[in-house]
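Q: What follows is a single structure, and I will ask about it in a moment.
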Amino acid sequence: MLANREIIENNVQRLWSTFDDNQKTAVNAILNRWDSAGENSFVLPIIDGPPGTGKTTVAAVAIARYLLENPREQVLYMCYTNFAADCALKILNMLGFSEHQAIRIPANPRERGPGVFGFSDLEDLSGRERRMLDECPVLLCTLHRAGKASQLRRKGTRVLIDEFSQVNVPMFFATIERVKHLSPDCYALLGDPKQLPMVSTQPILYQNICSYIIGRKSDYEPFSLIFQHRMHSDICAAVNSLRRALGTFDIQTSPNVQNRNLTHPEFGYLYDEGIISDSTLREILDPNYPFVIVNTDNLNGYEEVSYKGSLKNTAEANLAVTIAEAFYKAYKKVNGEPLFPMILSPYSAQVIEIARRLPPLLQERCSTIFRAQGREYPCVIVSFVRNNPNRFIGFLDEPQLRAQTYVACSRAQGKLVILLSFRTFLNAGHVDFDYLCRTQSAHVVDIC
Amino acid sequence: MPHIVRSRQFIIFCMEDNALIEGTGGEIGMGKLFHEFIAHLKSEIAAGRRVRDVPQIRYIFENFARHEEEKRRMHCWQYYIEPWCRRKLDEISSIPTNANVFFEVSVANPYVPFLFESGERTYPLMGKIDEVDIENRRLIERTTMGRPDDKSPPRLKDFQLWLLWKTLCSINSEKYPEIWRNVNFKNFTLYIETPYRDFQVDTNRPEFEGLTHRAYAWIHDILFERRGIHEAYDMRECTFHNRIEDCGLRWSCYGKRRPRPFRTVRDEMRNELRRMYVLLAYELIWSKHLFRYQLTMLDKPALEELGLITSGKILSYQNGNLEIELEPEQMDRFLAQRASGELGGYYIVFGSFFVGIKLKGNFVEQSGENKVLINTANVRVPVSSTALIVQTDPEITTYVDQPWFLTEWLQRDLFSLENWGLERDDKANSNPTIRMLETIFGVDYLRRDADNARQ
């Protein structure tokens with residue numbers, strides 16, 4: 001039973017009024033009963049939500065509305081990472097779900113806090129803890145925890161699987177096996193089929209469950225969310241270029257964010273141009289250019305093989321650090337809070353190289369693109385590393401892993417800076433990068 | 001019949017998790033508790049604790065297993081530990097303080113020799129020995145399987161221990177921890193301990209040599225031959241009418257035949273899922289076994305250069321907290337990797353990758369210049385003065401993080417799904433999982449929205 005029903009109802013109503021038609025249709029699709037017994041058909045809503053289009057919000061609203069209509073029922077929300085489950089938990093909390101009404105159950109027993117209750121085995125739980133989880137209307141967990149979570153749910157539970165790009169076919173069916181005894185009243189899938197797959201040494205295992213189902217059922221059309229609420233329109237244009245290269249539909253920018261650069265009141269950063277003496281850096285940092293491509297050809301740095309065979313480019317690492325430090329110094333909120341830019345790279349060796357060079361305060365602002373999936377940052381710097389005379393870009397050109405470029409660019413909200421060797425990447429048959437650099441909103445800066 | 005392996009493969013016949021035989025039903029995990037408690041008890045006695053009688057051991061056990069469910073605790077005590085203690089009370093009471101007894105000793109060698117025709121053939125093998133008792137010159141494999149009136153050890157357990165002994169003996173003594181360098185393991189006696197009986201395993205067992213070649217041939221054929229799985233299934237020893245009762249897979253193999261999903265759908269489903277088993281097995285080889293192979297094939301500097309391990313000197317070891325001193329250059333990389341958030345966790349290896357004791361560890365703090373504190377949640381004494389830190393990250397996906405371990409449950413769950421279904425048509429018709437499987441794998445129509453869609 002939802003004790004704070006009225007609060008949740010009001011919050012859902014308020015959020016519902018901001019939803020576009022696609023989001024409303026997607027929520028309704030999840031809510032409609034799809035167990036059509038006796039017919040030669042099965043209803044499975046699949047929501048194709050490109051970056052920033054509010055997939056998780058759609059899932060949270062569907063959960064809230066379902067529980068408002070069916071207060072005795074239960075929901076199991078699953079995704080590949082604890083981070084994504086945490087995002088969904090935050091939205092549910094924002095809708096008014098208390099820490100006893102929506103609980104994330106990680107495997108680490110030390111991970112406990114409001115709405116988060118880690119445990120390793122069900123046997124470790126006391127009777128009171130077990131009851132609390134048994135009665136909780138919404139449980140959130142990773143797919144690896146499906147077995148444990150299903151023991152805490154009643155028959156007829158609803159199952160939602162988010163971020164299906166990271167759910168490959170065996171993982172989906174193994175999860176189904178783990179929850180099948182619940183006779184889930186329904187299943188729903190949300191995600192972006194174009195994003196990065198789960199890491200695997202077997203390329204065939206990259207295929208996500210959405211692509212697999214659509215491959216087998218060619219007349220099936222997923223619901224598409226087309227309005228994004230994350231990126232400035234200039235950055236969205238870059239993302240659309242990459243989506244076109246990946247052969248999928250364009251997304252549109254919601255009016256709320258289309259002009260939201262770093263100095264927009266919503267971010268609230270003030271840009272102190274005078275603090276930066278170098279004119280090229282000033283050009284890169286300029287808030288009026290939300291999407292900047294820096295040509296690193298003149299850096300005279302080449303890629304090198306580093307630890308575990310990963311690649312690094314020391315000159316580009318130095319440049320990324322210089323730009324990050326400049327952002328940190330030049331952008332501050334009224335209360336003095338600096339901007340912490342995020343540096344992304346497809347290569348772990350480059351991430352380590354950059355982390356080594358960053359000052360301690362910024363050291364944790366550096367990650368591989370894989371780890372950044374599902375996250376968003378006000379300012380993103382991407383170091384693509386590759387610089388070689390053969391114009392070879394390795395896995396950045398491979399069918400599944402090329403989505404790294406798309407994922408990296410779509411993490412940025414107000415500012416995106418790309419470090420790229422034009423000599424290596426452009427006009428060499430690397431379609432994604434040709435499309436990206438042809439984006440009209442791109443401001444190209446040459447390093448002298 | 002499968003042919004004998006002609007070329008060396010990156011397959012490590014892994015016996016760490018009791019790979020040859022699996023417990024069944026409610027017994028799963030019971031063997032672990034049984035063995036862990038005995039290891040704990042013996043370690044306590046070796047550390048100076050005295051035990052007088054079985055009730056006192058019961059008290060120690062209740063305290064040790066207090067986190068376990070009461071029913072499981074009772075079951076484990078009643079059926080496994082108590083019978084074992086009654087037999088062994090005199091023996092364990094006489095364990096001297098600081099006895100040279102080690103538990104869960106990992107052994108690995110990429111070249112374990114086996115007799116083959118007139119020569120020999122080597123295979124890579126790794127595993128874990130339950131107990132290495134240097135004091136009494138014996139190796140022990142402990143199991144909860146077996147009955148009081150058994151005349152022979154539980155199925156394949158003797159083979160498992162023999163393989164571990166072969167592996168241990170095949171390792172060059174230079175690769176042993178310092179304190180074991182002068183020990184000749186070839187003269188050790190092998191014992192299988194069940195709760196009710198001890199069985200000595202003869203080390204001279206020519207039939208085990210043949211069994212090893214067959215096992216590798218099957219592994220090879222299942223992985224690399226298109227018809228390997230079918231052939232293995234056709235030639236199985238355990239059949240519906242002649243089941244091998246202690247096989248851990250017998251329930252899922254010969255469960256009741258269910259009519260739903262429909263026969264046609266089930267065939268398609270089976271084809272699709274079986275294709276994935278092989279891929280998942282390859283995933284396991286490349287992401288886990290190959291890494292382990294590298295650990296035994298490459299020398300220490302190469303492994304450090306690749307960033308796979310970090311080695312350091314143990315400064316102190318108290319209450320599971322291990323303080324390790326690293327070389328300045330390694331410390332630099334260690335911290336950079338932490339900062340980049342790349343690492344999942346650690347494995348601390350005392351000794352070498354060939355023979356040693358492995359403990360899981362978590363980074364606590366940087367305790368000084370070039371010093372790190374790692375908690376191992378373990379109080380056993382290390383067998384060496386140096387430690388190797390095996391780093392785990394999402395890329396090599398080693399011991400702790402995703403996704404290699406998934407492949408094991410993925411395999412198991414896919415297999416289980418393959419054998420699942422419903423007998424009653426009315427139930428099957430209203431069961432969403434059956435409906436979904438029949439739709440995805442069959443010709444039924446998949447819809448995105450219900451007919452009575454709300455506005």
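Q: Work out how much length A:Ala107 to A:Leu68 would gain on full extension: take 0.36 nm times their residue separation and subtract the Cα-Cα distance, in nm to one decimal. List each step's numbers first, then the result.
A: Numbers: separation 39, 0.36 × 39 = 14.04 nm, distance 2.93 nm.
Full-extension gain reported as 11.1 nm.
Q: Among DSSP bridges having both ends in the range B:9-208, what percentage is antiparallel? Round to the nearest 5. Walk me through the intermediate numbers first.
A: On the way: 20 of 27 bridges.
If I count the DSSP bridges inside the range B:9-208, around 75 percent turn out antiparallel.
Q: Further question: Once you put a point 7 Å from the Cα of A:Ile447 and another 7 Å from the Cα of A:Val431, both along the Cβ direction, what distance in nm separates them?
A: A separation of 3.0 nm, rounded to one decimal place.
Q: So how strong a dipole does the range B:9-208 carry about its Cα centre when Lys and Arg Cβ are +1 and Asp and Glu Cβ are -1, to the nearest 20 debye? List each step's numbers first, then the result.
A: Values: 28 positive and 31 negative charges, 61 e Å.
About 300 debye.
Q: Report the one residue of A:Val239, A:Gln373, A:Cys186 whose Cα lies farthest in the direction of the positive end of the charge dipole of the protein assembly as shown (charges on C-beta: Lys and Arg +1, Asp and Glu -1; origin at the Cα centre).
A: Most positive-ward Cα: A:Cys186.
Q: The range A:100-127 to the range A:204-234: how many Å between their Cα centroids?
A: Taking the Cα centre of each part, the range A:100-127 and the range A:204-234 sit 32 Å apart.
Q: Take every DSSP beta bridge with both residues inside chain A and express the antiparallel ones as a percent of the total, to the nearest 5. If you can, show how the numbers build up before the last one.
A: On the way: 9 of 54 bridges.
Of all bridge pairs located within chain A, approximately 15 percent are antiparallel.
Q: Once you sort the root eigenvalues of the Cα gyration tensor of the range A:390-448 as a ≥ b ≥ c, which label holds: rounded (a/c under 1.5), prolate (a/b larger than b/c) or oblate (the other case)? Write down the numbers at each step before the final one.
A: Values: a/c = 1.86, a/b = 1.15, b/c = 1.62.
Judged from the Cα gyration tensor, the range A:390-448 comes out oblate (a/c at least 1.5, b/c at or above a/b).
Q: Moving on. Using the Cα atoms as the points, what is the convex hull volume per residue of the range B:138-179 in Å³? Could you put the intermediate results ahead of the total?
A: On the way: hull volume 3.8 nm³, N = 42.
About 91 Å³ per residue, rounded to a whole number.
Q: Binned at 10 Å from 0, what are the whole-percent values of the Cα-Cα distance distribution for chain A, short to long?
A: 4, 20, 29, 25, 16, 6, 1, 0
Q: On full extension of the chain, what length is gained from B:Ser93 through B:Arg181, given 0.36 nm per residue of separation minus the C-alpha to C-alpha distance? List each step's numbers first, then the result.
A: On the way: separation 88, 0.36 × 88 = 31.68 nm, distance 2.83 nm.
Value of the extension gain: 28.8 nm.
Q: Kindly express, to the nearest 10 degrees and within the range 0 to 90, the angle between helix A:233-245's C-alpha long axis and the longest C-alpha principal axis of chain A.
A: 80 degrees
Q: For the range A:264-313 and the range B:45-115, write down the distance between their C-alpha centroids in whole Å.
A: The range A:264-313 and the range B:45-115 have Cα centres separated by 61 Å.
Q: Something else: What list of ³J(HN,Hα) couplings, whole Hz, do you get for the range B:418-435 from phi and the Karplus terms 6.51, -1.76, 1.60, once you set θ to phi - 60° and write x for glycine and proline?
A: Those phi angles translate into 4, 9, 9, x, 10, 8, 8, 4, 4, 5, 4, 5, 9, 8, x, 5, 4, 4 Hz.
Q: Determine the shielding of peptide B:91-104 by partner chains: average, over its residues, the number of Cβ atoms on other chains within 10 angstrom of each Cβ. Write down the numbers at each step before the final one.
A: Details: counts 0, 0, 0, 0, 0, 0, 0, 0, 0, 0, 0, 0, 0, 0.
For peptide B:91-104, the averaged partner shielding equals 0.
Q: Could you work out the relative contact order of chain A, using alpha carbon pairs under 8 angstrom and six or more residues apart, expressed as a whole percent?
A: Values: 875 pairs, mean separation 69.1, N = 448.
Here the relative contact order equals 15 percent.
Q: Once you treat every alpha carbon in the range A:319-448 as an equal point and sum by Debye, what is log10 I(q)/I(0) at q = 0.12, 0.14, 0.16 Å⁻¹?
A: Summing over Cα pairs of the range A:319-448 leads to -0.46, -0.62, -0.82.
Q: Another question, then. With θ taken as phi - 60° and the coefficients 6.51, -1.76 and 1.60, list the Karplus ³J(HN,Hα) couplings across the range A:180-194 in order, rounded to whole Hz; mark glycine and proline as x.
A: My calculation for the range A:180-194 gives 5, 5, 7, 6, x, 4, 6, 10, 9, 10, 10, x, 10, x, 8 Hz in order.
Q: If you don't mind, there's one more thing I want to ask. Counting pairwise Cα distances across the range B:9-208, what percent come out greater than 28 angstrom? Mind showing how you got there, number by number?
A: Details: 5794 of 19900 pairs.
In whole percent, the share of Cα-Cα pairs in the range B:9-208 beyond 28 Å is 29.
Q: If you place +1 on the Cβ of every Lys and Arg, -1 on the Cβ of every Asp and Glu, and leave all else neutral, what size is the dipole of the protein assembly as shown about its Cα centre, to the nearest 20 Debye?
A: Working: 109 positive and 114 negative charges, 305 e Å.
Charge dipole of the protein assembly as shown: 1460 debye, to the nearest 20.
Q: Against the globular-protein guess of 2.2 N^0.38 Å, express the Cα radius of gyration of the protein assembly as shown as a ratio, rounded to two decimals. Could the numbers behind the result be given before it?
A: On the way: Rg = 29.5 Å, N = 903, 2.2 N^0.38 = 29.2 Å.
My calculation over the Cα atoms of the protein assembly as shown gives 1.01.
Q: Next question, about the same structure. How much FRET efficiency would the formula 1/(1 + (r/R0)^6) give for B:Glu117 and B:Thr264, where r is the Cβ-Cβ distance and R0 is 35 Å, rounded to 0.05? Could you put the intermediate results ahead of the total?
A: Numbers: r = 48 Å, r/R0 = 1.36.
Using R0 = 35 Å, I get an efficiency of 0.15.
Q: Another question about this same structure. Take peptide A:355-365, look around each residue's Cβ out to 10 angstrom, count Cβ atoms belonging to other protein chains, and average those counts. Walk me through the numbers on the way to the answer.
A: Details: counts 8, 7, 1, 3, 0, 1, 0, 1, 6, 4, 1.
Taking all residues of A:355-365 together, the mean is 3.
Q: Separate question: Which pairs break 22 Å Cα to Cα here: B:Lys128/B:Lys360; B:Lys32/B:Lys300; A:Lys217/B:Lys427; B:Lys32/B:Lys358; B:Lys42/B:Lys71; A:Lys180/B:Lys32? The partial results should precede the final answer.
A: Values: B:Lys128/B:Lys360 15 Å; B:Lys32/B:Lys300 32 Å; A:Lys217/B:Lys427 25 Å; B:Lys32/B:Lys358 16 Å; B:Lys42/B:Lys71 24 Å; A:Lys180/B:Lys32 28 Å.
Over 22 Å Cα-Cα: B:Lys32/B:Lys300; A:Lys217/B:Lys427; B:Lys42/B:Lys71; A:Lys180/B:Lys32.
Q: So how tilted is helix A:55-69 from the main axis of chain A? Cα-based, degrees 0 to 90, rounded to 10.
A: Compared with the principal axis, the helix lies near 20 degrees.
Q: Of all DSSP beta bridges located in the range A:329-425, what percent are antiparallel, nearest 5?
A: Working: 1 of 13 bridges.
Rounded to the nearest five, the antiparallel share is 10 percent.
Q: Exactly which GluC sites (Glu not before Pro) in the range A:52-148 are in a DSSP loop and have at most 16 other Cβ atoms within 10 Å?
A: On the way: sites: A:Glu69, A:Glu73, A:Glu99, A:Glu111, A:Glu123, A:Glu129, A:Glu135; in loops: A:Glu73, A:Glu99, A:Glu111.
Answer by residue number: A:Glu73, A:Glu99, A:Glu111.
Q: Report D for the range A:28-179 in µm² per second (integer): Stokes-Einstein, Kirkwood Rh on Cα pairs, 10 °C, 1.306 mPa s. Mind showing how you got there, number by number?
A: Working: Rh = 15.9 Å.
Result for D is 100 µm²/s.
Q: Label points 7 Å out from Cα along the Cβ direction at A:Glu221 and B:Glu174: separation in nm?
A: Between A:Glu221 and B:Glu174, the simple spin-label model gives 7.1 nm.
Q: Place a +1 charge on the Cβ of each Lys and Arg in chain A and a -1 charge on the Cβ of each Asp and Glu, then give the dipole magnitude about the Cα centre in debye, rounded to the nearest 20.
A: Working: 47 positive and 47 negative charges, 159 e Å.
My answer is approximately 760 debye.
Q: Using a Förster distance of 60 Å, how high is the FRET efficiency between A:Gln13 and B:Ala232, based on the Cβ-Cβ distance and rounded to 0.05?
A: Numbers: r = 60 Å, r/R0 = 0.99.
The formula returns an efficiency of 0.50 here.
Q: With θ taken as phi - 60° and the coefficients 6.51, -1.76 and 1.60, list the Karplus ³J(HN,Hα) couplings across the range A:431-448 in order, rounded to whole Hz; mark glycine and proline as x.
A: Listing the rounded values in order: 4, 4, 6, 4, 4, 4, 6, 8, 4, 4, 7, 6, 9, 8, 10, 9, 7, 8 Hz.
Q: Let me ask something else about it. Enumerate the amide H contacts of B:Tyr346 below 5 Å, restricted to partners 5 or more residues apart or on another chain; note that Pro and chain-start residues carry no placed amide H.
A: Amide H to amide H, under 5 Å and 5 or more residues apart or across chains, B:Tyr346 pairs with B:Gly361.
Q: Expressed in nm², what is the orientationally averaged projection area of the convex hull enclosing the Cα positions of the range A:230-283? Before the final figure, lay out the partial values.
A: On the way: hull surface 19.6 nm².
Seen from a random direction, the Cα hull of the range A:230-283 projects 4.9 nm² on average.
Q: For A:Ser224, what residues show an amide H to amide H distance below 5 Å, using hydrogens built from the backbone and excluding near sequence neighbours?
A: Those lying under 5 Å, H to H, from A:Ser224 are A:Asp48.
Q: Which of the peptides A:413-420, A:169-176 is most tightly packed, and how do the rest follow, judged by the mean count of other Cβ atoms within 10 Å per residue? Before the final figure, lay out the partial values.
A: Working: A:413-420: 26.8, A:169-176: 24.8.
Ranked by mean Cβ neighbours within 10 Å, highest first: A:413-420, A:169-176.
Throughout, read-outs are computed from the coordinates displayed, never taken from laboratory work. In this text the structure is predicted, and so the values were computed from the model without any measurement. Here Cβ is always computed from backbone atoms with ideal geometry, including for glycine, and neighbour counts include all displayed protein chains.
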